[in-house]
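Enquirer: Mind having a look at this structure? Questions to follow.
The values are calculated or read from the model by the stated rules, or taken from the named source; none is laboratory data. Every value quoted in this text rests on a predicted model; they were computed, and no experiment measured them. When we count neighbours, we look across all protein chains shown, and the Cβ atoms used for this are built from the backbone with ideal geometry, even at glycine.
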Amino acid sequence: MILKPLETPAVPPAGGRALRWVAVLRRELANNLRIIRADRLGSFGAVVIVVAALVAVFGPWLMPHDPYESLRMVDGRMAVLHPPSFEFPLGTTNLARDLLSQMIVATRTTMIIGLFSGLISIVIGANIGLFAGYYGGRVDNVLMRLTDIVYGMPFLPFIIVLISLFGRSIGFVMLAIVVIVWRTSARVVRAQTMAIKQRQYVAFAKARGASDMRIIYRHIVPNILPLLLLYTSFNIAWAIVTEASASFLGFGDPNAITWGSILQDLWASGYTRSAWWWFIAPSAAIVLLVSAFVFVSRAYEVVANPRLGDR
């Protein structure tokens, strides 16, 4: 499948601007669904992401118990380290808390952090790459030197330092992730922009008097959209892994339940070997969701780089 330049639609009559954007959104949605459905792993990843999103949205109605409540069994004993059963499908923790309820809450927190961090980072990285590639010269030098500085920072240690300095709230965790994750997409978008701005339809737009902003966002961005979606998926996956790592090391939000914090509680309790169910649930969730975003990104990678489809 070859990535072809998108034709600029004709300007509709006055009052039809909203209808035009609705048509554009419908077309892009249909294109994205076709791209994902053409790849089996991409389809599997999309299903996993949709399920995780549904759990995140409807989590409060799906939780069988309060995730912070210490539960008792039918005979009145505390349900401490109870293995998976009909009453507790994923087992309980050393504080007799239902692991399934904690996993549902953690799914919502993880999806919020991953999606917001991934989307914000791709917006920042894409715009830096677009302006650097389009204008070149001094603008390119300044923006790329900034990107090089961020590349020189160690990934996880720098994020941990930022969280330690600014606080361990979810907002600061997302901010720390965004500060680092945007760098890769900036370089790739810059390279694509430098190639696309040499094409004839961009020269025609300039000759017709189109502004730089119109050329960038109306003519260049639509033609690198599969690339942007590719790196959006990658950024979300990186954000999920980074948040889980920071939480496991004790640098996450202490008031939020995440998959990483569940593993950190397991490690701190000392029951890593005996409470196998406590380890498997969050670990499998992290691997499955991160793999899902990677599979979806691979489907877009085949579009952005058609030579991969022949392998």
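Conditions (1) part of a helix (DSSP H, G or I); (2) touching a strand residue (DSSP E or B) at 6+ places or on another chain (Cβ under 9 Å); (3) farther than 29 Å from L165 by Cβ, marked per residue:
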site	(1), (2), (3)
T232	yes, no, no
A246	yes, no, no
G252	no, no, no
L266	yes, no, no
W278	yes, yes, yes
A281	yes, no, yes
A299	yes, no, yes
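Enquirer: Just to be sure, is D148 surrounded by 14 or more Cβ atoms within 10 Å (Cβ to Cβ), among the acidic types (D, E) and in a helix (DSSP H, G or I)?
Expert: The answer is no for D148.
Enquirer: Let me ask another. Here is a check on your reading of the model: is R97 surrounded by 15 or more Cβ atoms within 10 Å (Cβ to Cβ), in contact (Cβ under 8 Å) with a residue 40 or more places away in the chain and among the charged types (D, E, K, R)?
Expert: When the stated conditions are applied, R97 does not pass them.
Enquirer: Still on this structure, please answer the following. Consider P83 against the criteria (1) farther than 30 Å from A176 by Cβ; (2) touching a helix residue (DSSP H, G or I) at 6+ places or on another chain (Cβ under 9 Å); (3) assigned to a helix (DSSP H, G or I): it satisfies all of them except one. Which criterion is unmet?
Expert: With respect to (1) farther than 30 Å from A176 by Cβ; (2) touching a helix residue (DSSP H, G or I) at 6+ places or on another chain (Cβ under 9 Å); (3) assigned to a helix (DSSP H, G or I), P83 is out only on (3).
Enquirer: For the structure I just gave you, tell me whether G59 is modelled with pLDDT of 75 or more and in contact with a Phe, Trp or Tyr (Cβ under 6 Å, 6 or more places away or on another chain).
Expert: Criteria not met by G59.
Enquirer: What is the residue count in the stretch 189-200 for residues that are surrounded by fewer than 16 Cβ atoms within 10 Å (Cβ to Cβ) and either of a type in the set (F, W, Y) or farther than 14 Å from A126 by Cα (or both)?
Expert: Of the residues in the stretch 189-200, 4 are surrounded by fewer than 16 Cβ atoms within 10 Å (Cβ to Cβ) and either of a type in the set (F, W, Y) or farther than 14 Å from A126 by Cα (or both).
Enquirer: While we're looking at this one, here's another question. So which helices (runs of 4 or more DSSP H) stay within the stretch 160-207 end to end and still have 1 or more residues that are under 22 Å from the mean Cα position of the chain (by Cα), closer than 15 Å to S247 by Cβ and in contact (Cβ under 8 Å) with a residue 60 or more places away in the chain?
Expert: 170-181
Enquirer: Kindly establish whether Q264 is modelled with pLDDT under 90 and more than 15 Å from the chain's Cα centre (by Cα).
Expert: Considered against the rule, which asks whether it is modelled with pLDDT under 90 and more than 15 Å from the chain's Cα centre (by Cα), Q264 comes out as no.
Enquirer: Say we look at the stretch 254-264 and pick out the residues that are of a type outside the set (A, V, I, L, M, F, W, C) and in a helix (DSSP H, G or I); which of these is surrounded by the fewest Cβ atoms within 10 Å (Cβ to Cβ)?
Expert: Filtering first and then ranking leaves Q264.
Enquirer: What number goes with the only condition from (1) surrounded by fewer than 21 Cβ atoms within 10 Å (Cβ to Cβ); (2) within 19 Å of F116 (Cα to Cα) that V173 does not pass?
Expert: Status for V173: all satisfied but (1).
Enquirer: Do we have I280 as of a type in the set (A, V, I, L, M), under 21 Å from A186 (Cβ atoms) and over 22 Å from the mean Cα position of the chain (by Cα) here?
Expert: So I280 does not fit the description; no.
Enquirer: Out of the residues in the stretch 208-218 that are of a type in the set (D, E, K, R) and either in a helix (DSSP H, G or I) or under 16 Å from N127 (Cα atoms) (or both), which is farthest from the chain's Cα centre (by Cα)?
Expert: The residue in question is D212.
Enquirer: From (1) out of contact with any Ser or Thr (no Cβ under 6 Å at 6 or more places or on another chain); (2) over 16 Å from T184 (Cβ atoms), pick out the condition that doesn't hold for T109.
Expert: For T109, the failing item is (1).
Enquirer: So F172 ticks every box in (1) more than 23 Å from Q264 (Cβ to Cβ); (2) in contact with a Phe, Trp or Tyr (Cβ under 9 Å, 6 or more places away or on another chain); (3) not β-branched (V, I, T) but one. Which box is left unticked?
Expert: Against the list (1) more than 23 Å from Q264 (Cβ to Cβ); (2) in contact with a Phe, Trp or Tyr (Cβ under 9 Å, 6 or more places away or on another chain); (3) not β-branched (V, I, T), F172 comes up short only on (1).
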